[in-house]
Amino acid sequence: MQKEIITIDAAQTKKLGVALAQEVIASGVVCLSGELGAGKTTFTQGLLEGLGLEGPFTSPTFLIMKEYKREISNDKLQLQNVYHIDAYRIEKNDILALGWEEMVANKNNIIIIEWAERVKEIIPKSALWIDFGWMGEEERRITLSN
Ligand SMILES: Nc1ncnc2c1ncn2[C@@H]1O[C@H](COP(=O)(O)OP(=O)(O)O)[C@@H](O)[C@H]1O
Ligand SMILES: [Mg+2]
């Protein structure tokens, strides 16, 4: 499946992130690709909000990874891990060293990874891919595929 959405400002991209939270929960791993400034982090801020997490959300660029706990609403109080990874300055092996295989194998985790195209080999087939294309100052083409 492929779906294309054009946004005309940052607020729209963030709103799209909020709206896609359920699809991301279903896929477990969401891969964000596209150049610097294309909108991956802006989208992620909306997504984290849509997942029910409390901001402000900062970019993990200098941290490699940020971890959040998400409350799942059912009978018991249950927590789910949400990981936000930025692969801009790191390599495949750095991500593997974070415990990637276990992280991905745990169906209860949600993993958001920026610059995922840099580490394609370690991404599971089931992942949802979202590409961000720069069209103009405030226009972005956002393509979903899985
Ligand atoms: N339609 C849009 N969608 C997302 N960001 C936009 C849009 N229009 C302008 N921007 C601006 O572009 C920049 C995107 O930055 P960011 O989300 O950090 O990108 P990335 O994480 O891909 O490097 C922000 O400054 C944002 O305000
Ligand atoms: Mg970013």
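Quick test for you: out of 4, 35, 54, pick the one residue that is away from ligand 2 (no atom under 16 Å from the Cβ) and out of contact with any Ser or Thr (no Cβ under 8 Å at 6 or more places or on another chain).
Details: 4 fails: out of contact with any Ser or Thr (no Cβ under 8 Å at 6 or more places or on another chain); 35 fails: away from ligand 2 (no atom under 16 Å from the Cβ).
Going through 4, 35, 54 in turn, the sole match is 54.
Within the option set 58, 44, being within 14 Å of residue 112 (Cβ to Cβ), hydroxyl-bearing (Ser, Thr, Tyr) and either touching a residue at least 12 places away in the same chain (Cβ under 8 Å) or away from ligand 1 (no atom under 13 Å from the Cβ) (or both) holds for one residue only, 44.
Checking each residue in the stretch 65-78 for being under 18 Å from the mean Cα position of the chain (by Cα) and among the aliphatic types (A, V, I, L, M) picks out only 65.
I need the strands (runs of 3 or more DSSP E) fully contained in the stretch 79-146, keeping only those with at least 2 residues that are of a type in the set (S, T, N, Q) and either under 13 Å from residue 29 (Cβ atoms) or more than 13 Å from the chain's Cα centre (by Cα) (or both). Break it down stepwise before answering.
Working: elements: 110-114, 128-134, 140-145.
Because the criterion is at least 2 residues that are of a type in the set (S, T, N, Q) and either under 13 Å from residue 29 (Cβ atoms) or more than 13 Å from the chain's Cα centre (by Cα) (or both), the strands (runs of 3 or more DSSP E) in the stretch 79-146 that meet it are 140-145.
Of everything listed in (1) on the phi < 0 side of the Ramachandran plot; (2) surrounded by 13 or more Cβ atoms within 10 Å (Cβ to Cβ), the single unmet condition for residue 115 is (1). Looking at the stretch 90-107, is at least one residue within 15 Å of residue 43 (Cβ to Cβ), surrounded by 14 or more Cβ atoms within 10 Å (Cβ to Cβ) and in contact with a helix residue (DSSP H, G or I) (Cβ under 6 Å, 6 or more places away or on another chain)? No - not one qualifying residue is present in the stretch 90-107.
Scanning the stretch 93-109 for residues that are free of Cβ contacts under 8 Å to residues at least 12 places away in the same chain and among the charged types (D, E, K, R) yields a total of 2.
Quick note: the coordinates plus some simple rules give every number you see, no bench work behind them. What you see is a predicted model; the values in this text were computed from it and never measured. Note that each Cβ is placed from the backbone with ideal geometry, even for glycine, and that neighbours are counted across all protein chains shown.
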